[in-house]
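The next block holds one structure in the form of structure tokens; read it before the comments.
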Amino acid sequence: MAIQLCNLYKNFGPNKVLQGMSLDIQDGETMTIIGGSGCGKSVCLKHIVGLLKPDKGEVIVDGINITAAEDEEDLFAVQNKFGFLFQGAALFDSLSVGDNVAFGLRNLKKDVGDSQARRIAREKLALVGLHDVDHLKPAELSGGMKKRVGLARAIAHEPKYIIYDEPTTGLDPITSDVINELIIDLQKKLSVTSIAVTHDMVSAYKISNRIAMLYEGKIIEVGTTQQIKTTGNPYVRQFVTGSSQGPIKVKLREWE
Amino acid sequence: MPGYIKERWFKIIETTGDVTLLVGDLLKSIVRDKVDLNLFLAQAGRIGVDSLPVVGVTSLFVGMVLALQSGYSFKNVFNEPLFVGTVVGYSIFKELGPVLTAIVVAGRIGASIAAELGTMKVTEQIDALYTLGTNPIRYLGVPRFLGAFLMLPVLTVYADFIGIFGGWMISTWKLGIPSMTYLDEIYGMDFDVILHGVFKTFVFAGIVATTACYVGFRTYGGAEGVGRSTTKAVVVSMVMILISDYFLSAFLVAFGIG
């Protein structure tokens, strides 16, 4: 088992986000966590890489309980295994595209020199389909290009796991599909384990081996793409078909 | 005790604790890790060199108006403008130089640090730093903190001299005081007087940098949150500078400095 989330609980003030969430992720698979807006999908991802600590429960990565890691060096050793594509790409505005991609290399891989870091950055940018952009600033890029650069930065230090936080949100359908293709392509070329969160079902079906649904702080179903498509669970069924009618009640007006 | 007052007290205690932890982390990082010289110099330039024009103009006019007001007031009392150099010197060196420079820097640099770090927080760039093996306190906080800490005293000394020059201009041109009389009064001052002002700026620098970093790193809620943080950084810094100024002055005077 590559990553195990065991009985995670997390509250932000009175807001109960995770309430006993458990999930196992296997080596080499692409696991997608689906769920409504604000249900705690991104919070769950941040627990996996140690950006957030659970109030209760454990996150085990390659047999190591990362929630127990107190020392910064231990945490960075865990984070070295992960590449994280953020929702809005989270590129550093003050650095050029090339420096953004090389940033992790310079910090996480101590043996990589400056010229080598630049060369690797160019290679990774080529891998996500970008050429001759390393001198540009993030503000000069389109939304889709930012995602690609974010992806190049996430894979630059050759992590074992890649995490995608809503990889297609905010992109047009065609660009979304290109990003999906890119994720599948990287999966084949790098044979990494991927964890994605999304509420875009087209993307989820396309990129995943398995899909898990998070609802009210718990995983209510895990299955292969086919199993999720034909599920009997009324909650999952309602979500994947995108219907306002069903057991999940979203108020039309907040005061109702 | 009513619930909302209790909540408010808890909030104050919590914030004090968090600020102390942040200062602890900053100091720990300064002592333990290697400070990135390039980042530090970039911040020192931004805080120091880029503030020279606005600090210069502010202190020039403060020196000028001090000479003008004190000159005319003494003329009304003594029929001649006595002690203008002394009044301008003491006021600038001990109070107006350090306090006004700190307030200008709080407005210029405190706001920009809070807005920059706040934007990085809400766009998840701070999280991205962590996932790329970089501690944001070390990468973003330390250079800004050290930059402010080293540059504010330098800016204050610069402001002191510009202010004294402003006072000299008005004294000689407008009030007809001989140049040597004004300058003799300045030269006659103890070095402790300058030290009194400069000592305070280290504390003011700590207030401005810590407040800006704290509210910046704690920003939430998108563009509105960044706006809120920026305002908070400036207002809190200014109020704390003025409050701490009184206690610092009392403390320094009690120890015979200035």
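The values are calculated or read from the model by the stated rules, or taken from the named source; none is laboratory data. Predicted model only: the values in this text are computed from it and were never measured. Here the Cβ is made from the backbone with ideal geometry for all residues, glycine too, and neighbour counts use every protein chain on show.
Annotations for the structure displayed:
- Summed over region A:118-129, the residues that are surrounded by 21 or more Cβ atoms within 10 Å (Cβ to Cβ) and away from chain B (no Cβ under 13 Å) give a count of 3.
- Residue count, region B:5-62 (criterion: touching a Phe, Trp or Tyr at 6+ places or on another chain (Cβ under 8 Å) and within 19 Å of B:Cys213 (Cα to Cα)): 7
- In region B:206-216, the count of residues that are touching a His at 6+ places or on another chain (Cβ under 6 Å) and either crowded, with 20+ Cβ neighbours inside 10 Å or among the hydroxyl-bearing types (Ser, Thr, Tyr) (or both) is zero.
- Pairs with Cβ under 9 Å, 6+ apart, first in region A:148-163 and closer than 19 Å to A:Asp177 by Cβ, second of a type in the set (Phe, Trp, Tyr) and modelled with pLDDT of 90 or more: A:Gly150/A:Phe84; A:Gly150/A:Phe86; A:Leu151/A:Tyr164; A:Ile162/A:Phe82; A:Ile162/A:Phe84
- Contact map, region B:99-123: first residue farther than 15 Å from B:Pro153 by Cβ and more than 14 Å from every other protein chain (Cβ to nearest Cβ), second residue in a helix (DSSP H, G or I) and of a type in the set (Asp, Glu), Cβ cut-off under 9 Å, separation 6 or more or different chains; pairs are B:Arg108/B:Asp50.
Conditions (1) under 22 Å from A:Gly143 (Cβ atoms); (2) modelled with pLDDT under 90; (3) touching a strand residue (DSSP E or B) at 6+ places or on another chain (Cβ under 9 Å), marked per residue:
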site: A:Val59; (1), (2), (3): no, no, yes
site: A:Ala69; (1), (2), (3): no, yes, no
site: A:Asn80; (1), (2), (3): no, yes, no
site: A:Leu95; (1), (2), (3): yes, no, no
site: A:Gly98; (1), (2), (3): yes, no, no
site: A:Val101; (1), (2), (3): yes, no, no
site: A:Lys110; (1), (2), (3): no, yes, no
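- Residue check, B:Ile170 out of contact with any strand residue (DSSP E or B) (no Cβ under 8 Å at 6 or more places or on another chain), over 22 Å from B:Gly48 (Cβ atoms) and not in a helix (DSSP H, G or I): no
- For B:Val49, the requirement of being farther than 25 Å from B:Gly225 by Cβ and free of Cβ contacts under 8 Å to residues at least 12 places away in the same chain is met.
- Complete set of residues in region B:52-82 that are closer than 20 Å to B:Val157 by Cβ, in contact (Cβ under 8 Å) with a residue 60 or more places away in the chain and not β-branched (Val, Ile, Thr): B:Leu52, B:Gly56, B:Ser59, B:Leu60, B:Phe61, B:Gly63, B:Met64, B:Leu66, B:Ala67
- Meets criteria (under 30 Å from A:Leu8 (Cα atoms), acidic (Asp, Glu) and either within 12 Å of chain B (Cβ to nearest Cβ) or buried (at least 20 other Cβ atoms within 10 Å of the Cβ) (or both)) for A:Glu58: no
- One residue stands out in region A:92-117 among those that are under 29 Å from A:Thr67 (Cβ atoms) and either part of a loop (DSSP other than H, G, I, E, B) or polar (S, T, N, Q) (or both): the one that is nearest to the other protein chains (Cβ to nearest Cβ), namely A:Asn107.
- Some residue of region A:38-49 being over 21 Å from A:His157 (Cα atoms), over 21 Å from the mean Cα position of the chain (by Cα) and within 14 Å of another protein chain (Cβ to nearest Cβ): no
- Region A:207-239, residues that are part of a helix (DSSP H, G or I) and buried (at least 19 other Cβ atoms within 10 Å of the Cβ): A:Ile207, A:Ile228, A:Val236, A:Phe239
- Filter result (surrounded by fewer than 17 Cβ atoms within 10 Å (Cβ to Cβ) and among the aliphatic types (A, V, I, L, M)) within region A:179-206: A:Ile184, A:Leu190, A:Val202
- In the set B:Val203, B:Val193, only one residue is modelled with pLDDT of 95 or more and either among the small types (Gly, Ala, Ser) or surrounded by fewer than 22 Cβ atoms within 10 Å (Cβ to Cβ) (or both); that residue is B:Val203.
- Residue in region A:156-169 that is in contact with an Asp or Glu (Cβ under 7 Å, 6 or more places away or on another chain) and crowded, with 24+ Cβ neighbours inside 10 Å present: yes
- Of all residues making up region A:168-196, the number that are within 14 Å of A:Met31 (Cα to Cα) and within 14 Å of another protein chain (Cβ to nearest Cβ): 1
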